[in-house]
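Down below is the structure, laid out as structure tokens.
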Amino acid sequence: MNVNGIGSDRIEAMMAQLKAAATRPAGGVGPAVKVAPEPDVAKVDFADALKNSIAQVSDAQLKAGEQGRAFTMGDDKVSLSDVMVSMQKASIGFQATVQVRNKLVSAYHEIMNMQV
């Protein structure tokens with residue numbers, strides 16, 4: 001199940017890329033390092049991953065809101081603990097999204113201020 005917007009296949013692909021980058025010699029100097037061939041892994045598009053993550057945060061917020069409304073209306077199927085947990089999940093997801101946005105804006109400003 002894809003809980004945080006990044007599935008296990010994406011994590012494995014990222015780990016393989018990091019391992020491949022770590023085994024490359026810096027500047028092409030030094031002995032060549034043999035790297036096992038990477039399995040066929042689908043390329044991860046950053047824009048798609050970002051859109052999926054934002055959609056998941058939005059879905060979590062909608063679900064928390066619906067559960068909150070159902071609880072306040074007296075629905076016996078919804079417990080207070082379920083409402084609180086879903087609201088906290090939505091809050092944490094939103095905070096993480098804001099932090100990612102802040103890092104992206106910071107990186108953009110840093111790139112724009114670079115001397116060419």
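When residue 95 is tested against (1) exposed (fewer than 12 other Cβ atoms within 10 Å of the Cβ); (2) at pLDDT below 95, just one condition goes unmet, and that condition is (2). Only a single criterion out of (1) in a loop (DSSP other than H, G, I, E, B); (2) farther than 25 Å from residue 9 by Cα is not satisfied by residue 68, namely (1). Among the residues of the stretch 51-59, at least one is surrounded by 10 or more Cβ atoms within 10 Å (Cβ to Cβ), farther than 30 Å from residue 21 by Cα and in contact (Cβ under 8 Å) with a residue 40 or more places away in the chain. Residue count for the stretch 71-90 satisfying the condition of being assigned to a helix (DSSP H, G or I) and either touching a residue at least 24 places away in the same chain (Cβ under 8 Å) or surrounded by 13 or more Cβ atoms within 10 Å (Cβ to Cβ) (or both): 9.
The values are calculated or read from the model by the stated rules, or taken from the named source; none is laboratory data. Quick caveat: nothing in here was measured; it's all calculated off a predicted structure. Please note: Cβ atoms are built from the backbone with ideal geometry, for glycine as well, and neighbour counts cover all protein chains shown.
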